[in-house]
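Each value in this text was obtained by applying a stated rule to the coordinates, not by laboratory testing. Not measured: the values here are computed from a predicted model. Cβ placement follows ideal geometry from the backbone for every residue including glycine, while neighbour counts extend to all protein chains displayed.
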Amino acid sequence: MRAWEIVSDGGVDALALNENPMPAPGPGQVVVKIHASSINYRDLTTIEDPVTRKLPYPTIPNSDAAGEIVALGAGVEGLAVGDRVASCFFEDWPAGPISAAIMGTALGGAHPGVLAEHVVLSAGGVIPIPDHLTWRQAATLPCAALTAWHALSEPHPVQPGETVLLLGTGGVSVFAQQFCRMMGVRTIATSSSDAKLERMRELGAMETINYRDTPDWDRTVRQLTDGAGVDRVIEVGGPGTLQKSIAATRVGGHVALIGILSGVAGTVSPTDIMRKSITVRGIYVGSRQMFAEMNAAISHHQLEPVIDETFAFEDARSAYHRMRNAGHFGKLVIDVA
Ligand SMILES: NC(=O)c1ccc[n+]([C@@H]2O[C@H](COP(=O)([O-])OP(=O)(O)OC[C@H]3O[C@@H](n4cnc5c(N)ncnc54)[C@H](OP(=O)(O)O)[C@@H]3O)[C@@H](O)[C@H]2O)c1
């Protein structure tokens, strides 16, 4: 069976498509025939910098996949050959709070990834997918969708009528927009592109701001909320946006800190956080239990993930190049079989 592998620090163009032995399930494991894999910004940064992450060569990239179970190891209960499943980003985070041990079970990082024709996963590291979703759609759920769901539902769910600020129109933010519409939550979306903002409006965004044309977008957000600020921010920008996100948040509001699209280091003044009693909460994807709750909501509302483009397995490198160029809206998917 074939697998894409990181074999050097040469970046996307150095990814190798290798022939590997067919995996066999150990006790408590399943083998999944992968049909589709979606990519996340983190997969791109992993491929571009395996050294900082201390990854051994070869390492299979990607956390997100959907496929069918083709073999069960000893002792596996509640799953059957033929079940349609998705990978869980953390192979071993059933429920409850995150821990350092759980963080060591991330696919496409500490654990082998899923950009392969067959993968072996722990039985607790897969989850049944909503019936109405295609393989491609289901493959978008494990990281971006679950992260957005977690950010909107913990430590307490956003309430109908509240306002959430979404930054940019990548995988996480577009899912957050879809979930907010489902939950009756008002959104203010930002983007560098007017065309993408129009698409966010089609998905239900109430207000939109072009952050390139309006560098003081935090001020506009406060104006749009009668001076108060939003209840929650889906913060994917990091150092380049966090200070403004805090300024755009209401007293007692919440910043779900998810991404570092604008860089890894910067300066944030703690004064506003303290004075406005804002909670800044780091989010790291989510547990299998959160994934199950999200899938129940997706099924009930027949929600369909937004896929920007799909790539052939042999052309997987192009998917990462497209992500690097940031022209996409929503998710990028690789067909596997
Ligand atoms: N903590 C977690 O568990 C977790 C989970 C998933 C993702 N993440 C992180 O969250 C971030 C987003 O992930 P993703 O998969 O959604 O990425 P993505 O699909 O690559 O999102 C890219 C989009 O983000 C927007 N963007 C880029 N720089 C921006 C800036 N300075 N201000 C506002 N928007 C900006 C752009 O939108 P426009 O083109 O519309 O301007 C860009 O197209 C990444 O840093 C990723 O590593 C973290």
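To the nearest 0.05, how large is the calculated FRET efficiency for residue 99 and residue 16 if R₀ is 35 Å and r is the Cβ-Cβ distance?
The pair residue 99/residue 16 has a calculated efficiency of 0.55.
For residue 292 and residue 74, what does the FRET efficiency come to when R0 = 22 Å and r is the distance between their Cβ atoms, rounded to the nearest 0.05?
Working from the Cβ atoms, E equals 0.35.
How much length would be gained if the chain were fully extended between residue 276 and residue 262, taking 0.36 nm per residue of separation minus their Cα-Cα distance, in nm to one decimal?
2.6 nm
At 222 nm, what value in deg cm²/dmol follows for the chain if DSSP H runs of at least 4 each add -39500 (n - 2.57) and the sum is divided by all its residues, to the nearest 500?
For the chain, the value works out to -7000 deg cm²/dmol.
So for the range 155-282, what are the equivalent ellipsoid semi-axes in whole Å, largest first, each being the square root of 5 times an eigenvalue of the Cα gyration tensor? Before the final figure, lay out each step's value.
Working: eigenvalues 80, 57, 38 Å².
Computed over the range 155-282, the values are 20, 17, 14 Å.
With N residues in the range 1-111, what two-decimal value do you get for its Cα radius of gyration over 2.2 N^0.38 Å?
Cα-based Rg divided by the globular estimate yields 1.12.
Could you size up the charge dipole of the chain around its Cα centre, putting +1 on the beta carbon of Lys and Arg and -1 on that of Asp and Glu, and report it in debye to the nearest 20?
Working: 26 positive and 35 negative charges, 169 e Å.
About 820 debye.
Once the Cβ-Cβ distance between residue 302 and residue 243 is put in as r, and R0 is 45 Å, what FRET efficiency do you end up with, to the nearest 0.05?
Efficiency for this residue pair is about 0.70.
Once the other residues with Cβ under 14 Å from the Cβ of residue 191 are scored (Lys, Arg +1; Asp, Glu -1), what is the net sum?
Values: positive: 196, 199, 201, 212; negative: 194, 198, 202, 207, 213, 308.
Computed value for this residue: -2.
Hey, fewest Cβ within 10 Å first, where do 69, 47 land in order?
With the fewest neighbours first, 69, 47 line up as 69, 47.
Suppose we keep just the alpha-carbon trace of the chain; what are its Rg and Dmax in angstrom?
Every Cα atom of the chain included, Rg and Dmax give 19.6, 61 Å.
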